[in-house]
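J.: Once you've had a glance at the structure underneath, I'll fire off some questions.
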Amino acid sequence: MENILNWSAVISIIGVLAVLTNIITQVLKKVTWDKLPTNILAIIVAMTLTLTAFFAYCQMEAITVVWYMVIAAVVLGFLVSYAAMFGFDKLNEALTQIGKQ
């Protein structure tokens, strides 16, 4: 099986998606302040951006989308939303705690 991912590009894309999620959430937060909690809004924005980027990448590279790839993209969307909600410091702290156990 050929390797279809460039891991340095994937990590860079996660960072870009987290920053875009932060920016879009801040803009939409002013519109939906009383209607929707900010964390839910961040998850929705992150999922939308991540799945859009995933399907665009598959389209550009002519990759056949399989169900487990979509599940992986959803998991990646949660990681992007976590990074956007809690920032790099909280993510780094969580990874350090996991490494110590």
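Readers should treat all values here as calculations from the given coordinates under stated rules, not as data from a laboratory. None of these values were measured; they are calculated from a predicted model. No Cβ is skipped: glycine too gets one built from the backbone with ideal geometry, and neighbour counts run over all protein chains shown.
J.: So I have (1) 1.69; (2) 0.92; (3) 1.02, and one of them is Rg/Rh (Cα atoms, Kirkwood Rh) calculated from this model. Which one is it?
T.: (3)
J.: Suppose only helical runs count, i.e. DSSP H with n ≥ 4. What mean residue ellipticity at 222 nm does that imply for the chain under -39500 (n - 2.57) per run, divided by all residues and rounded to the nearest 500 deg cm²/dmol?
T.: Result for the chain: -29500 deg cm²/dmol, rounded to the nearest 500.
J.: If you put +1 on each Lys and Arg Cβ and -1 on each Asp and Glu Cβ, how big is the dipole of the chain around its Cα centre, in Debye rounded to 20?
T.: The dipole of the chain has a size of about 320 debye.
J.: Using the beta-carbon distance between THR64 and VAL16 and R0 = 22 Å, what value does 1/(1 + (r/R0)^6) give for FRET efficiency, to the nearest 0.05?
T.: 0.30
J.: Does the stretch 25-68 come out rounded, prolate or oblate, given a ≥ b ≥ c as the square roots of the eigenvalues of its C-alpha gyration tensor, rounded meaning a/c under 1.5 and, failing that, prolate meaning a/b above b/c?
T.: Note, shape of the stretch 25-68 comes out prolate.
J.: If the chain between VAL74 and GLN26 were fully stretched, how many nm would it gain, using 0.36 nm times the residue separation less the Cα-Cα distance?
T.: Working it through step by step, the gained length comes to 15.1 nm.
J.: Turning to a different aspect of this structure: At a Förster radius of 22 Å, what calculated FRET efficiency corresponds to the Cβ-Cβ distance of PHE86 and LEU51, to the nearest 0.05?
T.: 0.55
J.: On C-alpha positions alone, give me the angle between the axis of helix 7-31 and the longest principal axis of the chain, in degrees, nearest 10.
T.: Approximately 30 degrees, to the nearest 10.
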